[in-house]
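Visitor: Shown below is the structure under consideration.
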């Protein structure tokens, strides 16, 4: 498995992207912003196509488009949390723009009959060069560092924005900054591993972690570990069965983790209900020890 | 980049002549008929979708049509079977994850995202196994509005009529349950059954329309006219009618512009829909 360079590249880039998605994803799920993450992965698609149509470097198009739209969506909503209807409307238009750029790109005869679109959507973790891996590692490491640095106020602001604001936490600034980081991660992950894998790795490991533990720090660690584990297990599976695409394998492992975690948490809840009164909804949200 | 003159070809300053030219082609008539059915269906169902805050679920269902189509071509089944089967299965899966009582808003959105990612992963697997389909991916996602057959129009109109009858029959309790689930439950309205039924209806509508419009365009028609209508009026019946009317105008204008231009209908329809939404927000802002 480690003989081929493309496999080593996939493992290194996948580890970094998996860790960043797991960590950022925990806050994405906590703040109920999975839809925003999904939308941003498609914004990356439009950004890349726009850059390709205009003849600019694709990577610049990706990062500029996702980060600008991420902050813009945050600016539309109260407290820098975009409403799902607003995300949906902006999202639908961005997709329409993507179709336009795809048409310009393909009619201007610069090659690529839509396969570029497919590659952006599903990515090709097996097709990464050494430079791609270095960029993926650098962006992921930067995102990890930023999120870890603000983890405590961000968790506070996500769980109870009113109390956090009253205590002087800059809730709105944190929200916008978080969306910018999410935009950068979405741009990088979409380009390296595809929009499909980004959504799977943002939502599933974090959702699994949130069902297993109420402590934010344990949850963060668990979510990151699940993200990395899903990438490793998925790449191994895809290596064993060559017809199984790596992104499908990774997303399937992540989904399985989520299903198992949901089953475990359902059993626990049933057990708790037998011994005592069932925990209320509010009591089962993560708590921040202070 | 082409100049303006090259972007819009054959467009005169005489609207009557333009319209006559538009309906003189069979494919264009079919596209307009199909577009009308899609706009009415999506406008009405989308209004409830926006009211229920299920935009993400609607997007997920419209994307799930893609693995359904890919799976059906792999298994050698009719494409329509794949579209409807996948959308119904997706609706059941979404109802399953949202029926989980422990679910707060954040958990529901995470579970929806997981369902979508897994479905897309399956679709990618099917495409990989069935090599011939890869070139059709753009059609699956972006649709082929200008290549609609007579049979497709008939199917679409039948599905739209059936869905609208169901929606009209369940409209009142569904509205009650969407506005205030707790009170509706206390008043004996079967809230969970309605929620499952609505997701199935949404799946049916998306499965029928995404065969023609593609997964992405149906989503724009579901969300934007409805969101604009809800900015403008809080009255249910007026809002529903307004949502349908806005959807119709956007679809007709978009198709006409696409006919006279070299660019795809998807771009014009989504851009007009977004413009309508922005205008509605501005009107609401000005009224305050």
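Visitor: Just checking, how many residues over region A:249-267 are touching a residue at least 12 places away in the same chain (Cβ under 8 Å) and under 22 Å from the mean Cα position of the chain (by Cα)?
Guide: So the answer is 12.
Visitor: Next question. Would you check which residues across region A:229-241 are more than 22 Å from residue A:31 (Cβ to Cβ) and either modelled with pLDDT of 95 or more or part of a helix (DSSP H, G or I) (or both) and list them?
Guide: Correct list: A:229, A:231, A:232, A:233, A:234, A:235, A:236, A:237, A:238, A:239, A:240.
Visitor: For residue A:266, state whether it is at pLDDT 80 or above and at the interface with another protein chain (Cβ under 10 Å from one of its Cβ atoms).
Guide: Criteria met by residue A:266.
Visitor: Would you confirm, using the coordinates I've provided, whether residue A:128 is at pLDDT 80 or above, closer than 25 Å to residue A:67 by Cβ and within 7 Å of chain B (Cβ to nearest Cβ)?
Guide: The answer is no for residue A:128.
Visitor: Which condition number in (1) surrounded by fewer than 24 Cβ atoms within 10 Å (Cβ to Cβ); (2) over 20 Å from residue B:200 (Cβ atoms); (3) at pLDDT below 75 is the one that residue B:103 fails?
Guide: Result: residue B:103 fails condition (2) only.
Visitor: Tell me, yes or no, whether region B:139-147 has at least one residue that is in a helix (DSSP H, G or I) and more than 16 Å from the chain's Cα centre (by Cα).
Guide: Looking through region B:139-147, at least one residue is in a helix (DSSP H, G or I) and more than 16 Å from the chain's Cα centre (by Cα).
Visitor: Regarding region A:212-227, can at least one residue be identified that is assigned to a helix (DSSP H, G or I), more than 14 Å from every other protein chain (Cβ to nearest Cβ) and within 15 Å of residue A:126 (Cβ to Cβ)?
Guide: no
Visitor: Hey, residue A:44 hits all of (1) at pLDDT 85 or above; (2) crowded, with 24+ Cβ neighbours inside 10 Å but one; which does it fall short on?
Guide: Failing condition for residue A:44: (1).
Visitor: Another question about this same structure. Test of understanding: among A:244, A:197, A:201, which residue is surrounded by 24 or more Cβ atoms within 10 Å (Cβ to Cβ), modelled with pLDDT under 90 and within 14 Å of chain B (Cβ to nearest Cβ)?
Guide: Result of the check over A:244, A:197, A:201: A:197.
Visitor: Here's a check for you: in region B:124-139, which residue that is closer than 16 Å to residue B:64 by Cβ and facing another protein chain (nearest Cβ under 7 Å) is modelled with the highest pLDDT?
Guide: Looking at the filtered set, the residue picked out is B:125.
Visitor: Given the criterion within 14 Å of chain A (Cβ to nearest Cβ), surrounded by fewer than 16 Cβ atoms within 10 Å (Cβ to Cβ), out of contact with any helix residue (DSSP H, G or I) (no Cβ under 9 Å at 6 or more places or on another chain) and at pLDDT below 85, identify the matching residue among B:17, B:6.
Guide: Residue meeting the stated conditions: B:6.
Visitor: Return yes when residue A:78 is under 21 Å from residue B:52 (Cβ atoms), within 10 Å of chain B (Cβ to nearest Cβ) and modelled with pLDDT under 85 and no when it is not.
Guide: no
Visitor: Answer yes or no as to whether residue A:98 is more than 19 Å from the chain's Cα centre (by Cα), facing chain B (nearest Cβ under 9 Å) and under 22 Å from residue B:270 (Cα atoms).
Guide: Yes, satisfied.
Visitor: Looking only at region B:140-160, count how many residues are at pLDDT 85 or above and either out of contact with any helix residue (DSSP H, G or I) (no Cβ under 6 Å at 6 or more places or on another chain) or at the interface with another protein chain (Cβ under 8 Å from one of its Cβ atoms) (or both).
Guide: 3
Visitor: Residue A:209 versus (1) in contact with a helix residue (DSSP H, G or I) (Cβ under 7 Å, 6 or more places away or on another chain); (2) at pLDDT 90 or above; (3) farther than 27 Å from residue A:67 by Cβ: which is the lone unmet condition?
Guide: (3)
Visitor: Condition first: modelled with pLDDT of 85 or more, in a helix (DSSP H, G or I), facing another protein chain (nearest Cβ under 10 Å) and surrounded by fewer than 24 Cβ atoms within 10 Å (Cβ to Cβ). Can you find one or more residues in region B:116-123 that meet it?
Guide: Yes, that holds for at least one residue.
Visitor: Does any residue of region A:101-124 turn out to be within 14 Å of chain B (Cβ to nearest Cβ), within 23 Å of residue B:109 (Cβ to Cβ), modelled with pLDDT of 85 or more and touching a helix residue (DSSP H, G or I) at 6+ places or on another chain (Cβ under 8 Å)?
Guide: no
Visitor: Just one of A:72, A:88 is touching a residue at least 12 places away in the same chain (Cβ under 8 Å), surrounded by fewer than 22 Cβ atoms within 10 Å (Cβ to Cβ) and in contact with a helix residue (DSSP H, G or I) (Cβ under 9 Å, 6 or more places away or on another chain); which is it?
Guide: Just one listed residue meets the conditions, A:72.
Visitor: Then there's this: Taking only region A:48-64 into account, find how many residues are modelled with pLDDT under 85 and closer than 27 Å to residue A:158 by Cβ.
Guide: Residues that pass the stated criteria total 1.
The values are calculated or read from the model by the stated rules, or taken from the named source; none is laboratory data. The structure displayed is predicted, hence computed values, not measured ones. Note: ideal-geometry Cβ built from the backbone for every residue, glycine included; neighbour counts use all protein chains shown.
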